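Everything below concerns the one structure shown next.
No value in this document is a laboratory result; all are computed from the given coordinates. Given the structure is predicted, the values throughout are model-derived calculations rather than measurements. Neighbour counts run over all protein chains shown; Cβ positions are idealised from the backbone, glycine included.
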Amino acid sequence: MDIIFFDGVCNFCNASVNFIIDHDPTRRYRFASLQSKLGQKTLEQNGHSTVELDTVLLLRGGKIYQNSTAVLEIARYLKGWSWLYVFIVIPRFVRDGVYGLIARNRYRIFGKSESCRVPTPEERTLFIV
């Protein structure tokens, strides 16, 4: 089981979570917001700001992936989207540059919610609070 840590108030991030759920038929992924206790602890333990939530983290097998590498590692196991993993050959500083551009502008472009995402009853087992 892999855990994806996402910004719970970011509309783009929430849409991404919905996309992942829709394309994860094996239910490989579980989700926790970066604002949750587990998210804050994970950020702190891995040297990230617990205030500026501009990253996505993937915890797989005890290893943390972040930014563009996390996105590509997630896509690697999504039905119909695993082909995106070919972009892993692009140097990380280039991939993370594009990732950072999106991350810095996501609230302005996609908006922000007042509170974290609330899973539907069917999704509840996929979320760690």
Between Arg27 and Phe93, Cβ-based FRET efficiency (R0 35 Å, step 0.05) works out to 0.55
Both in Å, the radius of gyration and Dmax of the C-alpha trace of region 29-99 are 12.7, 34
In Å, the Kirkwood estimate of hydrodynamic radius for region 64-129 over Cα pairs equals 14.1
At q = 0.25, 0.28, 0.32 Å⁻¹, the log10 of I(q)/I(0) for region 1-42 from a Debye sum over equal Cα scatterers comes to -0.85, -0.98, -1.09
Length gained if Val51 through Val129 is fully extended, taking 0.36 nm per residue and subtracting the Cα-Cα distance, is 26.3 nm
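May I ask you to derive the relative contact order of the chain, considering only C-alpha pairs under 8 Å and at least 6 residues apart, and to give it as an integer percent?
Relative contact order comes out at 35 percent.
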In nm, the gap between the two label points placed 7 Å beyond Cα toward Cβ at Val86 and Asn105 is 2.6
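For the chain, compute the number of Lys pairs whose alpha carbons are separated by less than 26 Å, excluding pairs fewer than 8 positions apart on the same chain.
The number of close lysine pairs in the chain is 5.
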Cα-based Debye curve of the chain sampled at q = 0.10, 0.14 Å⁻¹ gives log₁₀ I(q)/I(0) of -0.29, -0.59
